[in-house]
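> My structure is below; once you've seen it, I'll send some questions.
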Amino acid sequence: MSLTAEQKYELITKNLQETLNGQIIKDVLAKGEPVKIYWGTAPTGRPHCGYFVPMTKLAHFLQAGCEVIVLLADLHAFLDNMKAPLELVEFRVRYYEKMVKAILKSIGVPIERLKFTVGKSHQLTEQYTLDIFRLSNVVSQNDAKRAGADVVKQVSNPLLSGLIYPLMQALDEEHLGVDAQFGGVDQRKIFVLAEENLPSIGYKKRAHLMNPMVPGLAQGGKMSASDPNSKIDLIEDPATVKKKISKAFASPGVVEGNGLISFVEFVVLPISEIKDGKPTFHIDRPEQWGGPVTYTSIEQLKADYSSEKLSPPDLKIGVADAINKLLDPIRAEFINNAEFQELERAAYPPEVKQVKEKKVKNKGTKFPGNKPAATEEPAAVAEVEQKLESTTISN
Ligand SMILES: N[C@@H](Cc1ccc(O)cc1)C(=O)O
């Protein structure tokens, strides 16, 4: 199936909340060239179900013949208040890469044409360093601070790293040689900073594509890796998925801010369309409430929900089943792959409990029955690090 330039543009911008400088993309398409787009993700907390949203867009970009790059932004994960310490970030990079691939496989997207790159691989060059300095001479402290406000963790004593973060995200566009950057609308201020300032240091302005933020499952707000109740892990077991969804916030008849409906709109329907060519959302509703029902458009679902023809518990049945179906292959891959599991432990080592040690009076080594000084327990990190040293992660 070959698409016209217009059809490609439509697919590229489908389901987005906002596009800035779409003309840049149209111009590339008009020349018959593939559009080069990147999506960056900072490997901080464990990736969760919210990641399905950008993944559906990567699928669209690939369908539209784009060259797609996934940037695993390791240094950004470090610069954002050290959400990922340097000794863990490499494991997280590998864990994220595996997860992104597993999600795309679960959606049925061929990943051969997807390129993965790690921030460090271009961000430590001489030219990049010089570019940070050049950009720091045209961007004010205030503008850099404001640009990062929705992305960088806001703390009472903000660090300098939070100002460098947006500058580097802007520079990545140039150093990855793309036509467009894609991200959530939470990235908007950084995108604008890039558009306004790259030209001042002699670089092209890029197009920016933004997907909406899907509200979390708790009480609105975005899905966040740091709030366990607002999100569902990609390797969560089926029973926990059901439990979390049953607890999700959903007022009868209220569509606005309903995380479950948004999930259907931005994940379930688009994915079924990518997979089977037509959007479907099936609810195995008990007979007494009207029996099974299948929706093929979000408007239809929203109308039924607003008029309370569809109740929150029934919506929840459908969403829990849909999520479990999406997670099945990801869970299976994880469970059947010891390397993957080891990587998870290395990337997210269980917190070492601070056990208060009983003070033992030092009576000297000569004291009868005393043992030689105990060797220190290796730290959890060092231990897994060692185990992993010889393991390579295959695609
Ligand atoms: N800011 C993105 C990560 C990112 C980092 C660097 C980039 O060039 C692009 C994106 C996030 O919030 O996850």
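> For residue 44, state whether it is buried (at least 18 other Cβ atoms within 10 Å of the Cβ), under 18 Å from the mean Cα position of the chain (by Cα) and either more than 16 Å from the ligand (Cβ to nearest atom) or of a type in the set (Lys, Arg) (or both). Step through it out loud before you land on a result.
On the way: buried (at least 18 other Cβ atoms within 10 Å of the Cβ): yes; under 18 Å from the mean Cα position of the chain (by Cα): yes; either more than 16 Å from the ligand (Cβ to nearest atom) or of a type in the set (Lys, Arg) (or both): no.
No, not satisfied.
> Which pairs have Cβ atoms under 6 Å, sit 6 or more apart or on different chains, and link a residue in region 237-256 that is charged (D, E, K, R) to one that is part of a helix (DSSP H, G or I)?
242/320
> In region 107-166, what residues are among the small types (Gly, Ala, Ser), in a loop (DSSP other than H, G, I, E, B), over 18 Å from residue 195 (Cβ atoms) and modelled with pLDDT of 95 or more?
If the condition is that a residue be among the small types (Gly, Ala, Ser), in a loop (DSSP other than H, G, I, E, B), over 18 Å from residue 195 (Cβ atoms) and modelled with pLDDT of 95 or more, then 119, 156 are the ones that fit.
> Next question, about the same structure. Can you find a residue that is of a type outside the set (Gly, Ala, Ser) and within 17 Å of the chain's Cα centre (by Cα) anywhere in region 1-14?
No.
> Right, here's the next one. Of all residues in region 83-118, count the ones that are within 28 Å of residue 155 (Cα to Cα) and free of Cβ contacts under 8 Å to residues at least 40 places away in the same chain.
Residues flagged as within 28 Å of residue 155 (Cα to Cα) and free of Cβ contacts under 8 Å to residues at least 40 places away in the same chain within region 83-118 amount to 3.
> In this structure, is residue 216 within 11 Å of the ligand (Cβ to nearest atom) and closer than 30 Å to residue 56 by Cβ?
Numbers: within 11 Å of the ligand (Cβ to nearest atom): no; closer than 30 Å to residue 56 by Cβ: yes.
The answer is no for residue 216.
> If we scan region 28-41, do we find a residue that is among the charged types (D, E, K, R), touching a residue at least 40 places away in the same chain (Cβ under 8 Å), touching a Pro at 6+ places or on another chain (Cβ under 6 Å) and under 23 Å from residue 171 (Cβ atoms)?
no
> I've got another one for you. Among residues belonging to region 179-210 that are near the ligand (Cβ under 10 Å from one of its atoms) and not polar (S, T, N, Q), point out the one that is surrounded by the fewest Cβ atoms within 10 Å (Cβ to Cβ).
Applying the filter and picking the extreme gives 186.
The values are calculated or read from the model by the stated rules, or taken from the named source; none is laboratory data. The model shown is predicted, which means the values in this text are computed figures rather than measured ones. We place every Cβ from the backbone using ideal geometry, glycine too, and count neighbours over all the protein chains shown.
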